[in-house]
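The values are calculated or read from the model by the stated rules, or taken from the named source; none is laboratory data. Keep in mind it's a predicted model, so treat the numbers as computed, not measured. Here the Cβ is made from the backbone with ideal geometry for all residues, glycine too, and neighbour counts use every protein chain on show. Heads up: the accessible areas ignore ligands, DNA and RNA and are worked out on the full protein's heavy atoms, side chains in. Shrake-Rupley method; radii C 1.70, N 1.55, O 1.52, S 1.80 Å.
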Amino acid sequence: MRPLLSRIAGRHPRLAPLVLAVIAAQSMLVVLAPTIVDIGQAFGTSVGTVGHARAIAAASAVAASLVIAGVIDRLDLRRLLAAGACLAVVGSATIATAPSLGVFLAAHGVSGIAFACLLSAGLTGVAAFPREQTARAMGYLIAGNALAWIIAAPLAGQLTEGISWRAAQAVPCTLALAALAASRGVMSPPVEASRGRRMGLLGVVVERQARWWLVAELAAWFVWASELTYGAAFLIQHHSVSQSAAGVAFAAAATAFFLGSVRSASLVRRFARRRLIASAALAMSALIFLQFNVAPSIWVTLALLTLIALCAGMRASTSAGLGLAQMPDRPGTMMTAQTAVTQFGYLLGALAGAGMLGSSSYAALGLVLGGAMLLCAVLFTRVTDPLEFERVGERRHPTRNRPVGTRVPLAAEWAR
């Protein structure tokens, strides 16, 4: 992890703190997966009851995002990131020392608020980069979600097995402290005052193009949440693999997600973003259907899962950049909206998947998720990309291009 962050910091001095914020935020959610069984045994309850902690964190993150969205464009991102890191430490410490199930569940409300602060600050910080660097920066930031699965999940599992589930909370706590220490390197993007426009998430909803993007993102994260939640259960029940083997499979998928995310910048330079996102969504639609309906062997399922994760990483990072372009004068509001819609999608995906499997089968789940991803592809065709119009203008008027070497921040340039 340290060499990777050093490499990122060398190329982009302000990127490492943002990546750390995303990893710290995601690790608070990831750490529940390898500890959930032991937590249930410790409190004398079922795994399903302990799993309510995930829903509480998601609901808390959505509620916090409603508040953050109205003020983030007027805040110093350093303070927002630092506040999120401090709340993450408090939440993790409270979870680790929880004397009862009630305190354990309530502490996840604090973790949800910390998640909203950290992720919103991390995503918004990308808008401070020069425009030619934003795609690569966003790719690394979205890849931070996968790094949490690759790094935090195994460490939490080892601590749970070697010491206890309480000791596993040291993982998100340590990552949050690292993000706090690095928060001084965060820069707030330039924001122009917008008179007569609604602020907060309501201001995003009333913007037609931003609204289409939000709905498309909700469908995408709904599908991805179900894939993460029930993909491992499918491996265990359908192919009779062990839990450790399922963990290795998802580690491979997380690696594919990381690669798809960091390599998306090179694809954005060659293809239109909407076309790239729609193509990835169509591929995911077909692959998810095949995963749950055509699974002759564990190796075929593993190959499909890896390809799905690769497309998901490419789609997520490219879509985040497209979302940032919808309201360039208010990047913080737009990225906080993404935080909210991601968590809401996770919540709906987990609940809908549970209901589907309770009343039907994995085959039906694959059909529903494939259809939802197909809808996502269609919705993204209705989103406007300012970059496409600009590229058309450059082809028609090549002499109007900006001189080489000019560095204009993304938000300032698109707000012109």
Check your understanding: Which one is surrounded by the most Cβ atoms within 10 Å (Cβ to Cβ), of the residues in the stretch 253-300 that are farther than 24 Å from Gln237 by Cβ and among the aromatic types (Phe, Trp, Tyr)?
Key -> Phe258
Review point. Right, Gly349: crowded, with 21+ Cβ neighbours inside 10 Å and modelled with pLDDT of 65 or more or not?
Key: yes
Review point. So is Ala312 in a helix (DSSP H, G or I), under 16 Å from the mean Cα position of the chain (by Cα) and closer than 17 Å to Gly231 by Cα or not?
Key: yes
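Under the condition of being β-branched (Val, Ile, Thr) and modelled with pLDDT under 80, which residue from the stretch 54-78 is nearest to Leu119 (Cα to Cα)?
For the stretch 54-78, the residue satisfying everything is Ile72.
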Practice item. Filter the stretch 68-94 for residues that are free of Cβ contacts under 8 Å to residues at least 60 places away in the same chain and within 20 Å of the chain's Cα centre (by Cα) and give the result. Key: Leu80, Ala83, Leu87
Review point. Looking at this structure, is Val191 within 20 Å of Leu81 (Cα to Cα), buried (at least 18 other Cβ atoms within 10 Å of the Cβ), modelled with pLDDT under 85 and over 20 Å from the mean Cα position of the chain (by Cα)?
Key: yes
Practice item. Can you tell me which residue within the stretch 110-144, out of those that are of a type in the set (Gly, Ala, Ser) and touching a strand residue (DSSP E or B) at 6+ places or on another chain (Cβ under 9 Å), is surrounded by the most Cβ atoms within 10 Å (Cβ to Cβ)? Key: Ala127
Exercise for review: Name the helices (runs of 4 or more DSSP H) wholly inside the stretch 93-164 in which the number of residues that are aromatic (Phe, Trp, Tyr) is 2 or more.
Suggested key: 101-124
Exercise for review: Being modelled with pLDDT under 80, open to solvent by 10 Å² or more (accessible area, probe 1.4 Å) and in contact with a Phe, Trp or Tyr (Cβ under 9 Å, 6 or more places away or on another chain) is the filter here, so list the residues in the stretch 305-340 that pass it.
Suggested key: Gln326, Pro328, Asp329
